[in-house]
1. Please compute the Kirkwood hydrodynamic radius of the stretch 5-89 from all pairs of different C-alpha atoms, in Å with one decimal.
2. In square nanometres and to one decimal, what's the mean projected area of the convex hull around the Cα atoms of the chain?
3. Let me have the 222 nm mean residue ellipticity of the chain computed from DSSP H runs of 4+ only, each contributing -39500 (n - 2.57), with the sum over all residues rounded to the nearest 500.
4. Treating only the Cα positions of the stretch 50-132 as identical point scatterers, give the base-10 log of I(q)/I(0) from the Debye formula at each q in 0.11, 0.22, 0.27 Å⁻¹.
5. Based on DSSP, what percent of beta bridges with both residues in the chain are antiparallel, to the nearest 5?
6. Pop the C-beta distance of Ala36 and Ser86 into the FRET formula with R0 = 35 Å and round what comes out to the nearest 0.05.
7. For the residues Ile162, Ile64, Ile76, what sequence is obtained by ranking on other C-beta atoms within 10 Å, fewest first?
8. Give the lysines reachable from Lys85 as a straight Cα distance under 19 Å; neighbours fewer than 8 places away on the same chain don't count.
Amino acid sequence: MAAQLAFTAIFSGDEAVLARAVAGLPGLAIDRHLGAFATWTQANECARRLNEGLGLSASESRSIVTDAILTAQKLIRECQALRQKSTQLLQGAGTKRVHCEFLLAELHLGLTLCESAFACSPTADQLEYLLRNARRALSTAKSAIGGFDFAAEHRSQIAEGIERLQNALEESAPQESPAF
């Protein structure tokens, strides 16, 4: 069975043109190859003749065109709803929870790096590498806690992690020997 096609007159900018609608598909497609008309009435008369040539009554062609327009409007509303939902998700508590979990994991990694600096006997370069990455984790967490609007519980967990890592870094810092 071939798709049902119907024509209608519409305005495109300042000119009257013909557009076609296909049953079950959203929207109208302007048929530029059929040309522009001096008036909408002329375009509408041409559309009526084309629809009659396709064996469509006025009510059948109107039904196909209306269905295409309503389907397009429904699709646009659904897209707008999805866009709004994605914006809410990006700004919502779920994202904040993920950011919190990431920061807590990064702080835990920083603590592990400090513990590794204590547990094994790294070379000076290895020790600097471990401590530099632990300091980066601390810096990231400090920046994030000031930049994100975390829930009080999450803010508290991150602050505790920052404090633990800061203490571990202070303990792992090379002690200067007193000068004589």
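Every number in this text was worked out from the coordinates using simple rules, so none of it is lab data. Worth saying up front: this structure is predicted, and the values here are computed from it rather than measured. Every residue, glycine among them, receives a Cβ derived from its backbone with ideal geometry; neighbour counts consider all protein chains shown.
1. Working: mean 1/r = 0.0725 Å⁻¹.
One decimal place: 13.8 Å for the Kirkwood radius.
2. Details: hull surface 85.8 nm².
Computing the convex hull of the Cα atoms and averaging its projections yields 21.5 nm².
3. -23500 deg cm²/dmol
4. -0.62, -0.99, -1.13
5. Numbers: 12 of 12 bridges.
The antiparallel fraction comes to roughly 100 percent.
6. Details: r = 39 Å, r/R0 = 1.13.
My answer for the efficiency is 0.35.
7. On the way: Ile162 19, Ile64 25, Ile76 12.
Neighbour counts put them in this order, fewest first: Ile76, Ile162, Ile64.
8. Lys74, Lys96
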